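The values are calculated or read from the model by the stated rules, or taken from the named source; none is laboratory data. The shown structure was predicted, so the numbers you read here are calculated from the model rather than taken from an experiment. Please note: Cβ atoms are built from the backbone with ideal geometry, for glycine as well, and neighbour counts cover all protein chains shown.
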Amino acid sequence: MQINQEIFLLVAEELSIQKAAKRACITQQCVSDHIKRMEAQYQVPLFTRRPHFQLTQHGEEVLTILKKMKQS
């Protein structure tokens, strides 16, 4: 699993860039960059930022796939 995917899983679990950054022991900017790279790679938004930080439908689909990959 790639680092972008690992960071995505942390953010999806915490639903917070700040909390995910703290758990990964990296900066919030670094976490944001990983998410932006994944969104650029898949060409879809994975999270909505406003009014609440949450997964988009595409984000939910990516989360499901990555969880299955991690279990294998």
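For Gln71, the criteria (1) more than 10 Å from the chain's Cα centre (by Cα); (2) at pLDDT 95 or above hold in every case but one, which is (2). Could you go through the stretch 11-19 and let me know if any residue there is more than 11 Å from the chain's Cα centre (by Cα) and in a helix (DSSP H, G or I). Taking every residue of the stretch 11-19 in turn, at least one turns out to be more than 11 Å from the chain's Cα centre (by Cα) and in a helix (DSSP H, G or I). Only residues that are part of a helix (DSSP H, G or I) and surrounded by 14 or more Cβ atoms within 10 Å (Cβ to Cβ) were counted in the stretch 34-66, giving 11.
Only one of Gln2, Gln18 is within 20 Å of Ile65 (Cβ to Cβ) and surrounded by fewer than 15 Cβ atoms within 10 Å (Cβ to Cβ). Can you tell me which?
Values: Gln18 fails: within 20 Å of Ile65 (Cβ to Cβ).
Every option except Gln2 fails the conditions.
Figure legend. Inter-residue proximity from the stretch 41-55: first residues modelled with pLDDT of 95 or more, second residues of a type in the set (D, E, K, R), beta-carbon distance below 6 Å, spacing 6+ or different chains. Indicated pairs: Pro45/Glu39; Leu46/Glu39. Of the residues making up the stretch 1-21, those that are free of Cβ contacts under 8 Å to residues at least 24 places away in the same chain and closer than 13 Å to Phe47 by Cβ number 4.
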